[in-house]
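Accompanying notes for the structure given below.
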Amino acid sequence: MEKEQFYYDNKIVRMFLIATIIWGVVGMLVGLMVAFLFIFPNYMEGIPWLSFGRLRPLHTNAAIFAFVGNGFFVGMYYSMQRLLKARMFSDLLSRIHFWGWQLIIVAAALTLPFGITSSKEYAELEWPIDIAIALIWVVMGINMIGTILKRRQRHIYVAIWFYISTFVTVAVLHIFNNLELPVTALKSYSIYAGVQDAMVQWWYGHNAVAFFLTTPILGLMYYFVPKAANRPVYSYRLSIVHFWSLIFIYIWAGPHHLLYTALPEWAQNLGTVFSVMLIFPSWGGMINGLLTLRGAWDKVRESPVLKFFVVAITGYGMSTFEGPMLSFKNVNAIAHYTDWIVAHVHIGTLAWNGFLVSGMLYWLATKIWKTEIYSIKLANAHFWIGTLGILFYAIPLYVAGFMQALMWKEFNPDGTLVYGNFLETVTQILPMHAMRAFGGTLYVTGFILLTYNIYKTAKAGSKVEDELVEAAPLKQIPTKRLAGEGLHSWLERRTALFTILATLAILVGGAVEIVPLITVPSNIPKIASVKPYTPLELEGRDIYIREGCNNCHSQMIRPFRSEVERYGEYSKVGEFVYDHPFLWGSRRTGPDVHRLGGKYNDNWHFNHMYDPRLTSPGSIMPRYPWLLENDLDISDTEAKMAAMVKLGVPYTQFELDKALPLLKEQATQIEQNLRQDPEYVKNYGEANMENKEIVALIAYLQRLGTDIKNGETAQN
């Protein structure tokens, strides 16, 4: 058969490769800045946009969507063209995808440090950026599906199965989790409230890990590991089982992030069951990856690329063993909210994502610039420095996590907490945080070596932006199943049907868990005494969100003796019905604040926000002096309350009409309370503090957990 000549588009691969390296360095350096804030909490003192609560979401977004996201696109654009024997469907769509994604990253870098955030973990970006993400994702999907349809290869290879599942699932997750009601150009509220919002967020949050940090990287593994080792994939049948079981089971696992919370018990149990089941497809993929290297271990010793791949796949195996273990309630009761979870997450990101992308970048650099890697010694140095960095990062945090859990739960013989002061449990683990920062420094150093190595490789090589190839045309793809053909082999020819089945596989779990929670009122019993936030409290809550306080403080007291003793009555589902968004948090660097209201007077909160060490000597919480200086912006208060009414919050017409006078009345009362302290009068006697942001935040903090009395039960 006569072959056709055509060109692979290497330019788009090179563009994404360079972006991956740049954003990798940026994201890792921001992470390092965050790590050092635990040791030197005020080394960024006085700069609001460099405080921990604002930098932490910037780091996670940069690591996930900028570094790993661009890394996925590098590998996808390179491998798809070669697996399908076709140039990408549209050069224009490829360029729109590239520049659109980079502009989204820049928008995140400009908004998150300035406190423009929705507060939802891994989905903090505000509504205009969310819309841009959806549009650019669709552009990528059209380009992907279009390329598949014009392919010269009859069957689609396993890597492309994972690319397809990534496209459809991330689209579904992103759209449903980010349904929000805009208030202004850069402010919105989630349409879900409280428990419902928590469920949808962790359905998204867990599956952002699954379908942005796992399935696309598995696709890269299935292409680049066999290529680099020059070996076939170990088992085609195992690939089939791995793919379909993984995408079906993963989507159910989100509730394991909410064990022992106010989430209904049935939803928690579903999350646990499917999370435990996840170990089987996950380890199936790990085994398939590692056994692909059977007979090639001499190459592994010689090739830094294969060394990176081996550690990456091993890291994947460790994370996917640990994840199901953490889903058992007795294990989760120890680990949740501690640094154990941070260690677990970073084994996945640093080893699985970071090392697999690094190995791929080294391998691709030689193909894109048609030369050998500049320095094998530097690549090996990167590997060993990075591996030590992972160990120094994770092991101290595992130790810290166990220490936190044990100290939080330890009682004296008389029934009192041994460590009644939460701060004691913070200061004891600071040496581990110092070791974590050292490990992070090693890891970043290794990646900088990669940057230099690939730069020198590119300088020594030559660009081939359009690579000439030839392949036989595929004039017609038979739709009927051929004699002796396996079912899955037939399905691999039916791209549209394959995509539909993959979509159905991921929709089932989400629908079963989320729809009843939203549509069945008995799942969210109300408490008569729980009322909406006052106008001032609503503004204070938005300041709490802006400063990222939920990154360090939870608002969810679990029904454990130790937590009830430390914080007060455990949290009830009906207490959160007016919370758009929910703010339960996922980590306790500081204590839970759900029952904070009334525990301290207004002056304590004022001094604590100005300088936490005034009220809590040894605290690692940063200072927030700008809250005392910034005027409270109330220009959108009425619009915010109107938006809440649309979301079902029962503000009365009087409250809507008198929102600003009611706000000022409550602010004046708090300012008068502050004046009861002679030190306040001495230092701020001439200040008009009732118009400052600090007063709104105090109002919100003093409201937390005060709507119910101890032992009060929910009433429909």
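The values are calculated or read from the model by the stated rules, or taken from the named source; none is laboratory data. In this text the structure is predicted, and so the values were computed from the model without any measurement. Please note: Cβ atoms are built from the backbone with ideal geometry, for glycine as well, and neighbour counts cover all protein chains shown.
For LYS370, the criteria (1) touching a His at 6+ places or on another chain (Cβ under 7 Å); (2) under 18 Å from LYS227 (Cα atoms) hold in every case but one, which is (1).
Contact annotation: residue pairs with Cβ atoms under 8 Å, 6 or more positions apart or on different chains, pairing a residue in region 134-157 that is touching a residue at least 12 places away in the same chain (Cβ under 8 Å) and within 19 Å of TYR7 (Cβ to Cβ) with a partner that is of a type in the set (Gly, Ala, Ser) and assigned to a helix (DSSP H, G or I), are ASN143/SER94.
For region 201-248, give me each residue that is part of a helix (DSSP H, G or I) and of a type in the set (D, E, K, R). The answer is LYS227, ARG237.
Answer with yes or no whether PHE355 is out of contact with any strand residue (DSSP E or B) (no Cβ under 8 Å at 6 or more places or on another chain) and either outside any helix (DSSP H, G or I) or more than 24 Å from ASN61 (Cβ to Cβ) (or both).
On the way: out of contact with any strand residue (DSSP E or B) (no Cβ under 8 Å at 6 or more places or on another chain): yes; either outside any helix (DSSP H, G or I) or more than 24 Å from ASN61 (Cβ to Cβ) (or both): no.
For PHE355, the condition - out of contact with any strand residue (DSSP E or B) (no Cβ under 8 Å at 6 or more places or on another chain) and either outside any helix (DSSP H, G or I) or more than 24 Å from ASN61 (Cβ to Cβ) (or both) - is not met.
Condition test on HIS553, is it under 30 Å from THR416 (Cα atoms) and part of a loop (DSSP other than H, G, I, E, B)? Judged against the criteria, HIS553 is a match.
Every listed requirement among (1) assigned to a loop (DSSP other than H, G, I, E, B); (2) of a type outside the set (A, V, I, L, M); (3) more than 30 Å from LEU487 (Cβ to Cβ) is met by TRP252 save one, (3). For region 556-593, a residue qualifies if it is among the polar types (S, T, N, Q) and closer than 19 Å to TYR419 by Cα, and the qualifying residues are SER562, THR589. The sole residue among PHE447, PHE498 that is of a type in the set (Phe, Trp, Tyr), surrounded by 17 or more Cβ atoms within 10 Å (Cβ to Cβ) and either more than 21 Å from GLY71 (Cα to Cα) or in contact with an Asp or Glu (Cβ under 7 Å, 6 or more places away or on another chain) (or both) is PHE498. Just one of the listed residues (THR338, THR314) is surrounded by 21 or more Cβ atoms within 10 Å (Cβ to Cβ) and either touching a Pro at 6+ places or on another chain (Cβ under 6 Å) or modelled with pLDDT of 95 or more (or both), and it is THR338. The single condition from (1) crowded, with 19+ Cβ neighbours inside 10 Å; (2) touching an Asp or Glu at 6+ places or on another chain (Cβ under 8 Å) that GLY574 fails is (2).
Helices (runs of 4 or more DSSP H) fully within region 269-343 that include at least 2 residues being among the hydroxyl-bearing types (Ser, Thr, Tyr) and within 17 Å of TYR234 (Cβ to Cβ): 304-326. Only helices (runs of 4 or more DSSP H) whose full extent lies in region 385-504 are considered here, and the ones with at least 2 residues that are farther than 30 Å from ILE334 by Cβ are 430-460, 487-491.
Considering region 624-716, the qualifying helices (runs of 4 or more DSSP H), each wholly inside and each with 2 or more residues that are in contact with a Leu (Cβ under 7 Å, 6 or more places away or on another chain), run over 637-646, 659-674, 693-703.
The single condition among (1) surrounded by fewer than 24 Cβ atoms within 10 Å (Cβ to Cβ); (2) under 13 Å from TRP161 (Cβ atoms); (3) touching a residue at least 60 places away in the same chain (Cβ under 8 Å) that PRO232 does not meet is (2).
Please tell me if ASN673 is closer than 30 Å to ALA528 by Cα and crowded, with 16+ Cβ neighbours inside 10 Å. Criteria met by ASN673. Scanning region 314-338 for residues that are in contact with a helix residue (DSSP H, G or I) (Cβ under 7 Å, 6 or more places away or on another chain) and either outside the structural domain of LEU391 (by TED's automatic domain parsing) or farther than 22 Å from PRO281 by Cα (or both) yields ILE334, ALA335, THR338. Within region 513-555, the set of residues being among the hydrophobic types (A, V, I, L, M, F, W, C) and touching a helix residue (DSSP H, G or I) at 6+ places or on another chain (Cβ under 8 Å) comprises ILE514, LEU517, ILE518, ILE524, ILE527, VAL530, LEU536, LEU538, ILE543, CYS549, CYS552.
The conditions of being assigned to a helix (DSSP H, G or I), under 24 Å from LEU442 (Cβ atoms) and either touching a Lys or Arg at 6+ places or on another chain (Cβ under 8 Å) or touching a residue at least 24 places away in the same chain (Cβ under 8 Å) (or both) are met by TRP23.
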